[in-house]
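The values are calculated or read from the model by the stated rules, or taken from the named source; none is laboratory data. These numbers were taken from a predicted model, which means no experiment stands behind them. Cβ placement follows ideal geometry from the backbone for every residue including glycine, while neighbour counts extend to all protein chains displayed.
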Amino acid sequence: MQHMDWDDIRFFLAVAREGSIRSASLQLSVNPSTVARRIDGFEKKIAVRLFERLPTGYVLTKTGHDMVASAELIENEVAALDRKVTGRDTQLNGVLRITLPAPLVTHLLIDDFAKFEQTYPGIQLDLHVSYDVLNLSKREADVAIRITNEPSDYLVGKKVANLSFAMYGAKHYLAKFDLQKQTDGLQKISYLANSEQGEVAVTNQYDTVPTRHVINDPFVIFESTKAGMGIARLPCFMADPEPNLQRISDVEAKTCGDIWLLTHKDLRSTARVKVFVDFMTTSLERHNEKLQGKIEKNASTFLWRAQEQSA
């Protein structure tokens, strides 16, 4: 039997966790044929069958199942070594992997990322746009920009901004209603229950509006609101600049969460991590009023202010 190498174990763990060649290939960023070939080669190398090939996917054999725990120990050791070596890196060059939700990129930080790359041309930003909590201990990302109230214990970082929401509707949709008198006929677009962007408890006059559409993607909710499919609870930084949307509630006192800049404790001394965290801290602090819904297009465009004045 030949010796195993780390790549064999890496491919084995991906298939064991995902249960299919295609899903593992997406995680590993390689072609499915490459994954299948590596698994076949690994089994031949160690002369042991690790997976049963079934129509529903790859299922671990008893030997494969017994191997998972040992393989994960090796994975953790390799990740720890990688972090320690990277943590001593004093060069302002190389790849920096960042994970964050898509709306923070497209509606807030894209110009800041461009400015960062101009300022530090030796650093290559790899953006993993996701609502999933990637495992920074396994170097799936170097820095996470996350909306959370409880960062993981193994991460270090700081809260850099607050995120506020309010209720919005398309102007042409709201024109059909006299909201100063009643909300009959209004319909609401809500986030899918248990989604990463799930609704939090709010207290305003629109809580009792019936939900007509349930959607699990913030961009689809944003576009659906613009199209006049109903009112929705939206992040102020996305909705306030949109000329076709109108805020119909005050900014919620209870925010969805705080925005944190996080990294693994072993990476905080890495030069490119430090400059990125410092740079983005300044950027997010500069955007704080927008994130809190304090930047107004025009006071007359906010229906809730008109309601207050007429009360």
Inset, instruction - Check off (1) at pLDDT 90 or above; (2) surrounded by 14 or more Cβ atoms within 10 Å (Cβ to Cβ) for T106 and give me the number that stays unchecked. - result: (2)
Legend entry - Residues of the range 181-190 satisfying the condition of being outside any strand (DSSP E or B) and either under 20 Å from the mean Cα position of the chain (by Cα) or surrounded by fewer than 20 Cβ atoms within 10 Å (Cβ to Cβ) (or both): K181, Q182, T183, D184, G185, Q187
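Rundown of residues vs (1) part of a helix (DSSP H, G or I); (2) modelled with pLDDT of 85 or more; (3) among the β-branched types (V, I, T), yes/no style:
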{"position": "G64", "(1), (2), (3)": "yes, yes, no"}
{"position": "S70", "(1), (2), (3)": "yes, no, no"}
{"position": "V78", "(1), (2), (3)": "yes, no, yes"}
{"position": "D82", "(1), (2), (3)": "yes, no, no"}
{"position": "V85", "(1), (2), (3)": "yes, no, yes"}
{"position": "Q91", "(1), (2), (3)": "no, no, no"}
{"position": "R97", "(1), (2), (3)": "no, yes, no"}
{"position": "K115", "(1), (2), (3)": "yes, yes, no"}
Inset, instruction - Report whether or not A24 is part of a helix (DSSP H, G or I), surrounded by 15 or more Cβ atoms within 10 Å (Cβ to Cβ), small (G, A, S) and at pLDDT 90 or above. - result: no
Inset, instruction - Quick one: in the range 194-206, of everything that is over 17 Å from the mean Cα position of the chain (by Cα) and loosely packed, with under 12 Cβ neighbours inside 10 Å, which residue is modelled with the highest pLDDT? - result: T203
Inset, instruction - Could you tell me which residue of the range 117-145 is modelled with the highest pLDDT, considering only residues that are in contact with a Lys or Arg (Cβ under 6 Å, 6 or more places away or on another chain) and either surrounded by 15 or more Cβ atoms within 10 Å (Cβ to Cβ) or outside the structural domain of R272 (by TED's automatic domain parsing) (or both)? - result: I123
Inset, instruction - Considering only the range 1-50, state which residues are out of contact with any helix residue (DSSP H, G or I) (no Cβ under 8 Å at 6 or more places or on another chain), without any contact (Cβ under 8 Å) to a residue 24 or more places away in the chain and polar (S, T, N, Q). - result: S23, S29, S33
Inset, instruction - State the number of residues belonging to the range 147-180 that are in a loop (DSSP other than H, G, I, E, B) and closer than 21 Å to I248 by Cα. - result: 7
